[in-house]
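The values are calculated or read from the model by the stated rules, or taken from the named source; none is laboratory data. Predicted model only: the values in this text are computed from it and were never measured. Glycine gets a Cβ as well: all are built from the backbone with ideal geometry, and neighbour counts include every protein chain shown.
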Amino acid sequence: MKVYTKYKDSNDIWLGKVPEHWVVSSLKHFVDIVSGYAFKSEDYSDDKGVPIIRIGDISKTVDVLNAKKANPKNLDELERFIIKRGDLLLAMTGATIGKNCMFNSDEIAYVNQRVGLLRGKGLLSQDYLKYFIDTPLFREFISLTCSGSAQENISTSQISELKFLLPSADEQTKIIQYLENQTSIIDELISKKQSLIELLKEKRQALINVVVTKGLNPNTKMKDSGIEWLGEIPEHWIISKLKFLTSKIVDGAHFTPTYVAKGIPFLRVTDIQTKEINLDKVKFIPEAEHIELVKRCNPEKGDVLLSKNGTIGLTKIVDWNWEFSIFVSLCLIKFLPKLSPSYFIHFFNSSIVDRQISDSSKTTSVTNLHLEKIKELIIAIPPDINEQIDLSNQLQNKLDEFDDLLGKNEDSIQKLIEYRQSVISEAVTGKIDVREWQPNSNNN
């Protein structure tokens, strides 16, 4: 891609040199910036009134119909907080600070507190402004501006001081056309990668389902399991409830223990979400409390931990020797020699378990898996534990292949996202000259 023939110093460390004919100044000279109105609790209505756009409503688009409604009495004072089509809405506080979207509705709505409204003045195009706000430059500006605060916040006065670049109206139009074309190509590639990932996940799940119900040998003689949702299973397999294949199924501490700087590790659901336990993030409890807890729940190497509250269904084999205790959100399972822990984990990750759990729940989402339900889970297994281990190892090898493909595609998506950001950044900061660009040209 071509570059401009003449550049000048922007006097900004982030922008560097910029096209000589571009205007460089603070954002406030090009954009009206409004911070939302602090509506009172009594203003809100369940189903009638004017939509109030809050931080939670900011996504790729704004779902105006499902936004909270309000009936404020001081409508005359709120005119400056009315959102117009094309306005850019920006989260100005919290974990999602900096996320933004363009308001593409003709519905009358108001902007709530801690949501910024950015409306270009004069020759500034809102589409160009949106691209500029989507650059790493803007995210870095927010990060540096908010650093040191316990709760991330940014004010309209701080945003207004951001250094901004303004090309001519014709040049803005050309940059927008170029970026719409380039980002649509990249977005299509990302979409295809995402579709492939979903397909791989479906095939991965299907493989688990087949192996834990029918094994890996297609020539094995089958028999009717007698259970409609389980179907046929290998002739020599047995069906049992989990409680008959285990020596203990128990949850952790039913109270929050005393946390100390040094002591015995105390694991929670968040601690088993990664491949390795990160002891730098684990809580610790006094040894005396641990000794009391392990009288009832004594995890050992070879046991399985299962999350049963909040994010349910996470599993981890205890493959370490150090002592620890667990919170009530985790379930500890000790196995009899009849069942391999690794086979159990594959079984638990199958849709067979999902079916059993969902069938017993009156709600569409399950956030608490009771011990009794875990004990009553029905599982089909080869009676020979060595066959279970061999089956589990073969399955894991195949799953590793899927996981490798999934990882490569996820990495590819991340690189495409980063490339998309760089394309936008180069165009709106004048590092490339797109004035002669054409949709079918070779200088993409």
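Conditions: (1) touching a residue at least 12 places away in the same chain (Cβ under 8 Å); (2) out of contact with any Cys (no Cβ under 9 Å at 6 or more places or on another chain). I374 meets all but one. Number of the miss? So I374 meets the others, but not (2). Any residue at all in the stretch 60-81 that is among the acidic types (D, E), assigned to a loop (DSSP other than H, G, I, E, B) and under 30 Å from P439 (Cβ atoms)? No: zero hits. Considering the stretch 126-155, and only residues there that are surrounded by fewer than 17 Cβ atoms within 10 Å (Cβ to Cβ) and among the hydroxyl-bearing types (S, T, Y), the residue that is farthest from T183 (Cα to Cα) turns out to be S149.
Just the residues that are small (G, A, S), in contact (Cβ under 8 Å) with a residue 60 or more places away in the chain and within 21 Å of S350 (Cα to Cα), please, taken from the stretch 227-261. Selection gives S240 alone. Residues that are surrounded by 14 or more Cβ atoms within 10 Å (Cβ to Cβ), in the same structural domain as K334 (by TED's automatic domain parsing), modelled with pLDDT under 95 and in contact with a helix residue (DSSP H, G or I) (Cβ under 7 Å, 6 or more places away or on another chain) are absent from the stretch 223-236. With respect to I13, is the statement that it is aliphatic (A, V, I, L, M), more than 30 Å from Q438 (Cα to Cα) and not assigned by TED's automatic domain parsing to the domain that holds F141 true? Criteria met by I13.
Within the stretch 400-444, being hydrophobic (A, V, I, L, M, F, W, C), closer than 21 Å to T135 by Cβ and assigned to a helix (DSSP H, G or I) holds for I413, L416, I417, V423, I424, A427, V428. Looking only at the stretch 117-159, which residues are at pLDDT below 90, farther than 18 Å from S425 by Cβ and of a type in the set (G, A, S)? Within the stretch 117-159, S147, G148, S149, A150 qualify. Being in a loop (DSSP other than H, G, I, E, B), within 31 Å of the chain's Cα centre (by Cα) and of a type in the set (S, T, Y) holds for only one residue in T274, T270, and it is T274. Of the residues making up the stretch 66-87, just one is without any contact (Cβ under 8 Å) to a residue 12 or more places away in the chain and either under 15 Å from R54 (Cα atoms) or outside the structural domain of Y44 (by TED's automatic domain parsing) (or both), namely N66.
Within the stretch 238-294, restricting attention to residues that are surrounded by 13 or more Cβ atoms within 10 Å (Cβ to Cβ), closer than 19 Å to G313 by Cβ and hydroxyl-bearing (S, T, Y), the residue that is modelled with the highest pLDDT is T246.
With respect to D187, determine if the residue is within 25 Å of the chain's Cα centre (by Cα), part of a helix (DSSP H, G or I) and at pLDDT 95 or above. Considered against the rule, which asks whether it is within 25 Å of the chain's Cα centre (by Cα), part of a helix (DSSP H, G or I) and at pLDDT 95 or above, D187 comes out as yes.
Looking across the stretch 28-59, the residues that are part of a helix (DSSP H, G or I) and surrounded by 11 or more Cβ atoms within 10 Å (Cβ to Cβ) come down to K28, H29, D43, I55, G56, D57. Just one of (1) surrounded by fewer than 20 Cβ atoms within 10 Å (Cβ to Cβ); (2) within 23 Å of the chain's Cα centre (by Cα); (3) not β-branched (V, I, T) fails for L90. It is (1). Residues in the stretch 146-204 that are under 20 Å from L90 (Cβ atoms) and of a type in the set (D, E, K, R): 3 in all. Looking across the stretch 316-329, the residues that are surrounded by 18 or more Cβ atoms within 10 Å (Cβ to Cβ) and either in a loop (DSSP other than H, G, I, E, B) or touching a helix residue (DSSP H, G or I) at 6+ places or on another chain (Cβ under 6 Å) (or both) come down to K316, V318, F324, S325, S329.
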